[in-house]
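Here the structure is laid out as structure tokens; the discussion comes afterwards.
The values are calculated or read from the model by the stated rules, or taken from the named source; none is laboratory data. Because the structure is predicted, anything quoted here is derived from the model rather than measured. A quick note on method: Cβ atoms are made from the backbone with ideal geometry, for glycine too, and the neighbour counts reach across all protein chains shown. For the accessible areas, the whole protein counts, side chains as well, though only heavy atoms, and no ligand, DNA or RNA atoms are used. Shrake-Rupley method; radii C 1.70, N 1.55, O 1.52, S 1.80 Å.
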Amino acid sequence: MYYPNQTLQKVKHTISRHQMIGEGDCVIVAVSGGPDSVCLLYALHELRTELQIRLVVAHFDHGLRPAEDESETAFVRALAVSLKLPFETAKGHLLAKKVRGSREEVARNARYAFLERVKKKHKAQKIALGHNLNDQAETIFMRLLRGSGPSGLTGIPPCRDGSIIRPLIEIERPEIENYLKAKKLASVTDSSNLKTNYLRNKIRLEIMPLLEVHQPQLAHLLAQTAEILRDEDGYLEQIAEAWFNRNVEQSPHHVFRAPITSFLALPVALRRRVIRNVIGKVKKDLRRISWDHIEAIQRLAQAEKPQAALNLPGRLTVRRIYGHLILSASMKRKPRPFHYRLDEPGAYDLREIGRSISFEEIKNRRGLRLRGSAWTAFFDAEKLRFPLTLRSFKAGDRFIPFGMKGHKKLKDFFVDLKVPLEQRYSTPILRCDDKIVWVCGFRIDDRFKVTPETKKVLKLVFSHSPRT
């Protein structure tokens, strides 16, 4: 015999196991009016005193089913009123808009944006969604059919981004229906969930029932597989991220340089993860990036040609330039020029290029050790005169590279060093009057170097600006 308390105990266990909620949290409960969200709302309402939480009901009308939308909004509003809970709603107009991407994706993005607004308004900590164990199984199956790798087959996470929680993710749909029946709770039916022209509905209504004839525990087993993969995926992600942090250079304009020798020394599974991670950092998502694209990047790294390039979806460019793989967004135009006036020694925040620069005067003395680097340089202070200028590269720039006697065009200097075009235009050029003092990150001008006759040394240090 079924007792509603069984479901409440499972919800409590899931919340505790995944540390979903803390004492005093305000939780925005996303309620569509369907069985899952109604069960979620009432379960959390019953547990609110024990968990010491506050609840806010949020309902988003997508504007996709005019014949049903208003009645569903009224139904959810009545639920909130009956439970004496705050109610928030908003209406989308997706039918009236021309949208890019699938309508499901656009609707989901609009719903999440609404929930985030409600969370901010009520200074809430969490957003609770009604996904259940069957949703988990259907998601895994759908991704398997679409050719997802291990990360995709981890399914729906119980918690995401520190604020999205799914307290019903370990409870099957029949148990949710039993809870509503035992509590005599009404819910609404979304007519679009009955149409098999959507892949998820086809899996739910046709494929899963057929497979469950042969394996009644299918949903549980798929969810269990997802949990195993999620734990292992998280561990491998940590290894890939650690390699990225040690080996990949990032410019202020999101150009990523990975050393090919170190990259190819990784196991192939980690190479694929590193590629996915870098692509995600460049284009902010992995949309339209397929297995074939990942493998093409691997072949590019393994190729014998010292220079080659790939143009991938989402304006992603991957280039092999000698010993490095360089991933960046394709430039529609050169980066915006920058120009700073540095009036006196001190520290300057150069937010436009994501860096800061500081000056320090040092008295020269016998035995003074000057340890420079790409972004730390030392100059004869008496050969410099403030104000200095820091600007972007311009055609016609010339300087005398340290250790040389004659002038060299800066363009030729960059070409000799195989510096990518994007990096050339993001490289700061320090100037005194009409002379280049330092091609920052590369070479100082020989005319401003420290010599035995130098009395005062000017130390310049570049660092990344803190993110705001």
Among the chymotrypsin sites (Phe, Trp or Tyr not before Pro) in the stretch 1-98, which ones are in a DSSP loop with at most 16 other Cβ atoms within 10 Å of the Cβ? Mind listing them? TYR2
If you fit an axis through the alpha-carbon atoms of helix 268-283 and take the longest principal axis of the Cα set of the chain, what angle between them do you get, 0 to 90°, nearest 10? 80 degrees
Greater than 30 Å separation of Cα atoms is the criterion. Which listed pairs, LYS84/LYS181; LYS84/LYS195; LYS409/LYS459; LYS12/LYS202; LYS284/LYS409, meet it? LYS84/LYS195; LYS12/LYS202; LYS284/LYS409
Sparse-neighbour loop sites [trypsin sites (Lys or Arg not before Pro); the stretch 332-432; at most 11 other C-beta within 10 Å; DSSP]: LYS332, ARG333, ARG365, ARG366, ARG369, ARG371, ARG385, LYS394, LYS405
What is the angle, in °, between the Cα long axis of helix 291-302 and the longest principal axis of the Cα atoms in the chain? Nearest 10 is fine, range 0 to 90. 20 degrees
In the neighbourhood of LYS411 defined by beta carbon distances under 11 Å, the net charge of the other residues (Lys, Arg +1; Asp, Glu -1) is +2
Along the dipole axis of the chain (charges at Cβ: +1 for Lys and Arg, -1 for Asp and Glu; origin at the Cα centre), the most positive-end residue among LEU185, VAL56, ALA301 is ALA301
Please compute the net charge surrounding SER328, taking Lys and Arg as +1 and Asp and Glu as -1 over other residues with Cβ under 11 Å from its Cβ. +4
Kirkwood hydrodynamic radius of the stretch 1-120, Cα pairs, Å: 15.7 Å
Relative to the Cα centre, what is the charge dipole magnitude of the stretch 189-343, using +1 at the beta carbon of each Lys and Arg, -1 at the beta carbon of each Asp and Glu, and rounding to the nearest 20 debye? 1120 debye
Dividing the helical contributions, -39500 (n - 2.57) per DSSP H run of n ≥ 4, by the residues of the chain yields a 222 nm value, nearest 500 deg cm²/dmol, of -12000 deg cm²/dmol
Nearest 10, in degrees from 0 to 90: the angle of helix 66-82 to the longest Cα principal axis of the chain is 80 degrees
Beta bridges per DSSP with both ends in the chain, % antiparallel, nearest 5: 80 percent
Between LYS121 and LYS405, 0.36 nm times their residue separation minus their Cα-Cα distance comes to what? 95.8 nm
Based on Cβ point charges of +1 for Lys and Arg and -1 for Asp and Glu, what charge dipole magnitude is obtained for the stretch 49-204 about its Cα centre, in debye rounded to the nearest 20? 480 debye
Heavy-atom accessible area order for SER251, SER148, largest first, 1.4 Å probe: SER148, SER251
Using Cα centres only, tell me the gap between the stretch 246-275 and the stretch 328-385 in whole Å. 27 Å
Label of the coordinate-derived value, log10 I(q)/I(0) by the Debye sum over Cα atoms at q = 0.06, 0.12 Å⁻¹, listed as (i) -0.42, -1.09; (ii) -0.28, -1.10; (iii) -0.34, -1.12: (i)
ILE127: accessible area at probe 1.4 Å, nearest 10 Å²? 0 Å²
Mind jotting down the distance between the C-alpha centroids of the stretch 412-439 and the stretch 174-206, whole Å? 62 Å
Surface accessible to a 1.4 Å probe, ASP349 within the full protein complex, Å²: 80 Å²
Once Lys and Arg get +1 and Asp and Glu get -1 on their Cβ, which of ILE436, PHE414, VAL450 lies farthest toward the positive end of the dipole of the stretch 409-461? VAL450
Along the charge dipole of the chain, pointing to its positive end and built from +1/-1 on Cβ of Lys, Arg, Asp and Glu, which listed residue (LEU8, GLY147, ALA265) has its Cα farthest out? ALA265
Computed D for the stretch 316-418, Stokes-Einstein, Kirkwood radius over alpha-carbon pairs, 10 °C, 1.306 mPa s, to the nearest µm² per second, is 92 µm²/s
Bins of 10 Å, beginning at zero and ending with the bin holding the largest distance: percent of Cα pairs per bin for the stretch 106-209, please. 13, 35, 40, 12, 0
Rel. contact order, % - alpha carbon contacts under 8 angstrom, at least six apart, the chain: 11 percent
How large is the charge dipole for the chain, taken about the Cα centre, if only the Cβ atoms of Lys, Arg (+1) and Asp, Glu (-1) carry charge, to the nearest 20 debye? 2380 debye
For HIS254 the rounded accessible area (nearest 10 Å², probe 1.4 Å, non-protein molecules ignored) is 80 Å²
Within the chain, longest stretch clear of exposed GluC sites (Glu not before Pro) (DSSP loop, no more than 10 other Cβ within 10 Å): 24-303
